[in-house]
Amino acid sequence: MSKPISGILTPNITPVDSAGRIDEDTLRRYIDWLIEKGVDGLYPNGSTGEFVRFTPQERRRIVQVVVEQAAGRVPILAGAAEANAQETIEACDHYGAMGVRAVAIVAPFYYRLSDQGVYAYFREIADRVSVDVTLYNIPLFASPISVDTVVRLAAECPRVVGIKDSSGDLPNMMRMISQIRPMRPDFCFLTGWDAALVPMLVAGANGGTNATSGVVPELTRAIHRSVLDGDIKKAMRLQYQLLPLFDAMISVGEFPEGFRAGARSRGWDLGPGRVPLSDHQLDAIQSAQRQIDDLLYSYVDEHSETASNDAVDKIVQQVIAQLQSQQ
């Protein structure tokens, strides 16, 4: 039985150039930086990577570049959702052949399915793929995956090895853990909601797939390690520091523009993304960019391999001070 996937896995932004093409050189350098900063894994083709805005061929190329550049240094959890079950199965097998640790599959989107429909969709995929599968619950954008459905799939499908839950629903996470972990110790529980990272970890989650880890990987790593060390007081202090930073970035423009702004503050121009923006949105992003620059860029030495805990504290303390001054 394999160990469950654990730690902080970064749902990395997909860099694009001025023509809207995948900027592979920047993507490779960004991957190196994230790994050097201590992330536990990478998650290409996630929501933060804007997977729905790329073609199937582009999505496969993105995963290929990430796998090549990571070169086994950290595990890869590849987003493999396509338009229907058959295309998703083909993508899963393709990524499995590349050597990813597992794939993440969002429940069907656009058409809302019943619990039985969601179960049948995942069961069809899990029975036919050659790679481990993690369920991806993000009810904001796709058919929700109920606790009962997750428990049923965990019990019936050995290939289903975990869930990435971005609902932020702590009681449901606890319900899943309490029912699944006794029968499936290899099953992983990952939270995709940064605002509840510590509570989820304390409740028993194995880790997180957090957009903020693409901007302050030092801070999210420190939170995870503090919980592992049993220092919950420190973990909660860091969580309350992460919270306003997360809120500031997620509220900027169209997701994930705020996280692109955060990356720019760390010295990474990852391009404009692929969604058109109005003049009003562009002005708001520019204003937010200046604020985020002030809060982040001045306090992190770009040339050091890792920021010190004091530097990270300084970052988040300045975020809090800035937000308080605007109230």
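The values are calculated or read from the model by the stated rules, or taken from the named source; none is laboratory data. Since we're looking at a predicted model, the values are computed, not measured. Ideal geometry is used to build each Cβ from the backbone, glycine not excepted, and the neighbour counts take in all protein chains shown.
For segment 204-222, taking the residues that are out of contact with any helix residue (DSSP H, G or I) (no Cβ under 7 Å at 6 or more places or on another chain) and not in a helix (DSSP H, G or I), the one that is nearest to residue 259 (Cα to Cα) is identified as 209.
The requirement of being at pLDDT below 95 and either in a helix (DSSP H, G or I) or under 25 Å from residue 12 (Cβ atoms) (or both) is satisfied by residue 139. Of 89, 22, all but one fail to be of a type in the set (A, V, I, L, M) and within 28 Å of residue 122 (Cβ to Cβ); the exception is 89. Of all residues in segment 96-118, those being farther than 21 Å from residue 76 by Cβ and over 18 Å from the mean Cα position of the chain (by Cα) number 11. Taking the conditions exactly as written (farther than 23 Å from residue 81 by Cβ and either among the polar types (S, T, N, Q) or crowded, with 24+ Cβ neighbours inside 10 Å (or both)), does residue 26 satisfy them or not? For residue 26, the condition - farther than 23 Å from residue 81 by Cβ and either among the polar types (S, T, N, Q) or crowded, with 24+ Cβ neighbours inside 10 Å (or both) - is met.
For (1) modelled with pLDDT of 70 or more; (2) touching a helix residue (DSSP H, G or I) at 6+ places or on another chain (Cβ under 8 Å); (3) part of a helix (DSSP H, G or I), each residue gets a yes or a no:
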site: 271; (1), (2), (3): yes, yes, no
site: 275; (1), (2), (3): yes, yes, no
site: 295; (1), (2), (3): no, yes, yes
site: 302; (1), (2), (3): no, no, no
site: 310; (1), (2), (3): no, no, yes
site: 320; (1), (2), (3): no, yes, yes
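Quick grid of which residues meet (1) surrounded by 14 or more Cβ atoms within 10 Å (Cβ to Cβ); (2) in contact (Cβ under 8 Å) with a residue 60 or more places away in the chain; (3) closer than 23 Å to residue 194 by Cα:
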site	(1), (2), (3)
252	yes, no, yes
256	yes, yes, yes
259	yes, yes, yes
262	yes, no, yes
265	yes, no, yes
287	no, no, no
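Among residues of segment 151-173 that are under 20 Å from residue 8 (Cα atoms), those with a Cβ under 8 angstrom from a residue that is surrounded by 24 or more Cβ atoms within 10 Å (Cβ to Cβ) and charged (D, E, K, R), sequence gap 6+ or separate chain, pair up as 173/165.
This table checks each residue for (1) part of a helix (DSSP H, G or I); (2) under 24 Å from residue 220 (Cβ atoms); (3) basic (Lys, Arg).
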site: 25; (1), (2), (3): yes, no, no
site: 34; (1), (2), (3): yes, yes, no
site: 46; (1), (2), (3): no, yes, no
site: 52; (1), (2), (3): yes, no, no
site: 64; (1), (2), (3): yes, no, no
site: 68; (1), (2), (3): yes, no, no
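Checked against the criterion of being of a type in the set (D, E, K, R), outside any loop (DSSP other than H, G, I, E, B), within 18 Å of the chain's Cα centre (by Cα) and surrounded by fewer than 21 Cβ atoms within 10 Å (Cβ to Cβ), the candidates 225, 175 yield just one match: 225. Kindly indicate which of 91, 83, 97, 120 is in a loop (DSSP other than H, G, I, E, B) and either modelled with pLDDT of 95 or more or surrounded by fewer than 16 Cβ atoms within 10 Å (Cβ to Cβ) (or both). It is 83. Among the residues of segment 119-148, those identified as more than 22 Å from the chain's Cα centre (by Cα) and either charged (D, E, K, R) or more than 25 Å from residue 42 (Cβ to Cβ) (or both) are 119, 120, 121, 123, 124, 127, 128, 148.
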